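First up is the structure itself, then whatever we jot down about it.
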Amino acid sequence: MDYASGVKGKRATALVALIGCLFTPHPILAHPTDFEGWLITSTHISLEETKRYQVYLEAQPRVGDGWKRAATFQGRAALVYNLNKGLGLYIGYGWTPSLYDAKYHRDYRDEQRLWQQAIYRHELLGIQWQHRLREEQRFIMRTDGVSNRARYLLRGSYALTRAQDVGMTGWNELMVNLNGVNNGPWAGYDRNRIFFGPYWQIDNARYEIGYAGEHLKRFGSDERWAHALLIVASYNF
């Protein structure tokens, strides 16, 4: 086997392994299931030519309960410092109210967050990898304290063209509550999300569309699965 064939084989093996990790089966039959629609629009706006300093803006509306009603809205803003092309640091604010609980009961919860994150990017076996570590301080309506949550996302993108403008991408994100608060999140496992689908890169814009799955354990013993159509539009200026 020549070198080129070996590299292609390693890339294919890595891509299959990534997909396998994303779609590890979970016991879902005993829990409520919902079909949802998620839209994420995000923009990085550079404050100077080197793009070392940026402003980040994000809007994320979601519909749920079988696409019958609005479920939540998430808005985020942050200041970004890019140490280099591979590593970026964020500090920001988010407003993320929810409109119903895990059992589809009307339960408006206003929530505001402070958040910090680091994103590290690199290439391995022809796949573009991204590691995102985020820490959140959540101020949730009708709770008695600040809920702290840690999130880790691993993303892999594999280009299907030499121009790297079309390809496949997938990610897995795990969220863990670092402490518990009364009438709010319990300490420990919070939720896990997966995504897989194609992407298109057009100049400064990247678009993704695909399947997103979320296993959620909200405020104690309530558990839920969500299957969502996820559409992402990201811009970098």
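The numbers here are math on the coordinates, done by the rules we state, and not lab data. This structure is a prediction, so every number in the text was calculated from the model and none was measured. Cβ sites come from the backbone with ideal geometry, for glycine too, and all protein chains shown count toward neighbours.
The table that follows gives values for the structure above.
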{"item": "Cα-based equivalent ellipsoid, segment 88-237: semi-axes from gyration tensor eigenvalues, Å", "result": "31, 17, 14"}
{"item": "Chymotrypsin sites (Phe, Trp or Tyr not before Pro) restricted to DSSP loop in segment 135-182 with at most 11 other C-beta within 10 Å", "result": "none"}
{"item": "Segment 177-183 - phi-based ³J(HN,Hα) in whole Hz, Karplus 6.51/-1.76/1.60, Gly and Pro as x", "result": "7, 7, 8, x, 10, 5, 6"}
{"item": "Nitroxide proxy distance, nm - points 7 Å out along Cα→Cβ at residue 229 and residue 49", "result": "4.4 nm"}
{"item": "Segment 162-230 - charge dipole about Cα centre, Lys and Arg +1 at Cβ, Asp and Glu -1, debye rounded to 20", "result": "100 debye"}
{"item": "Rg in Å to one decimal, and Dmax rounded to a whole Å, for segment 172-236 via C-alpha atoms", "result": "15.5, 48"}
